Amino acid sequence: MNEKLQTYESKMQKTMASLESEYQTIRAGRANPNILNKLNVDYYGVPTPIQQVGNISVPEARMIVIQPWEKSMIKAIEKAINMSDIGINPTNDGQVVRLVFPELTEERRKELQKDVKKKGEQAKVAIRNIRRDGNDHFKKLKGTDVSEDEIKDLETQLQKLTDKYIKEIDKAIDSKSKEVMTV
């Protein structure tokens, strides 16, 4: 592949990876430890990812258990979860923090599905913006040692890349929507 196109393809891959990581944080009725990825705990005055202050496990389909390495961290972990937008109240028994995920209501599933579609559309816009930047860059090559035919060829290849990533985003939207709507 042309090195002029590789820059834009890597940007499109990063957009796709970003969408997939966003989708991992959307809970679909099952306990998924990835929803804690963006949470930080105040660890002696330093914001620290929750994964670095304790052990996270999923003993049941709808429960996450966080076992802090220091018992003094239980309050800080609970506070971080309460301050987040996860929407689940943590409970603790002095040893571990438990997050019990309630069954999602039909209304909540539809909200999540809308959110999935919105994030997908944002990713598509990002892909199209990358295509626009690429086309602008290729147009600036006129008058240099690159022929008009080569410029047209680059634009065609960039369009094919764009179509490929848009299809991938559509697949991701469909699969995440099905996951969210499955009871």
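The values are calculated or read from the model by the stated rules, or taken from the named source; none is laboratory data. Computed from a predicted model, the values in this text were never measured in an experiment. In this analysis, Cβ positions are derived from the backbone assuming ideal geometry, glycine residues included, and neighbour counts consider all displayed protein chains. The protein model used for the area step is the full one, side chains on, heavy atoms only, and it has no ligands, DNA or RNA in it. Shrake-Rupley method; radii C 1.70, N 1.55, O 1.52, S 1.80 Å.
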Practice problem: May I ask you to list pairs of residues, at least six apart or on different chains, whose Cβ atoms are under 8 Å apart, with the first in region 22-51 being of a type in the set (Val, Ile, Thr) and the second being open to solvent by 60 Å² or more (accessible area, probe 1.4 Å) and assigned to a strand (DSSP E or B)? | Solution: Val41/Pro47; Thr48/Asn40; Thr48/Asp42; Ile50/Asn40
Quiz item: If you check Arg132 against the conditions, is it modelled with pLDDT of 90 or more, more than 24 Å from Ile26 (Cβ to Cβ) and exposed (fewer than 15 other Cβ atoms within 10 Å of the Cβ)?
Solution: yes
Quiz item: What do you reckon, is Lys164 more than 14 Å from Leu19 (Cβ to Cβ) and either touching a Lys or Arg at 6+ places or on another chain (Cβ under 6 Å) or of a type outside the set (Phe, Trp, Tyr) (or both)?
Solution: yes
Quiz prompt | Candidates Asp163, Asp153 - the one that is closer than 29 Å to Thr15 by Cα, open to solvent by 50 Å² or more (accessible area, probe 1.4 Å) and under 29 Å from the mean Cα position of the chain (by Cα) | solution = Asp163
Quiz item: Can you tell me which residues in region 1-43 are at pLDDT 75 or above, basic (Lys, Arg) and open to solvent by less than 40 Å² (accessible area, probe 1.4 Å)?
Solution: none
Practice problem: Output yes when any residue across region 63-72 is open to solvent by 20 Å² or more (accessible area, probe 1.4 Å), closer than 20 Å to Ser21 by Cβ and not in a strand (DSSP E or B), and no when none is. | Solution: no
Quiz item: With respect to the numbered conditions (1) open to solvent by 80 Å² or more (accessible area, probe 1.4 Å); (2) in a helix (DSSP H, G or I); (3) in contact with a helix residue (DSSP H, G or I) (Cβ under 9 Å, 6 or more places away or on another chain), which one is the sole condition not fulfilled by Asn89?
Solution: (2)
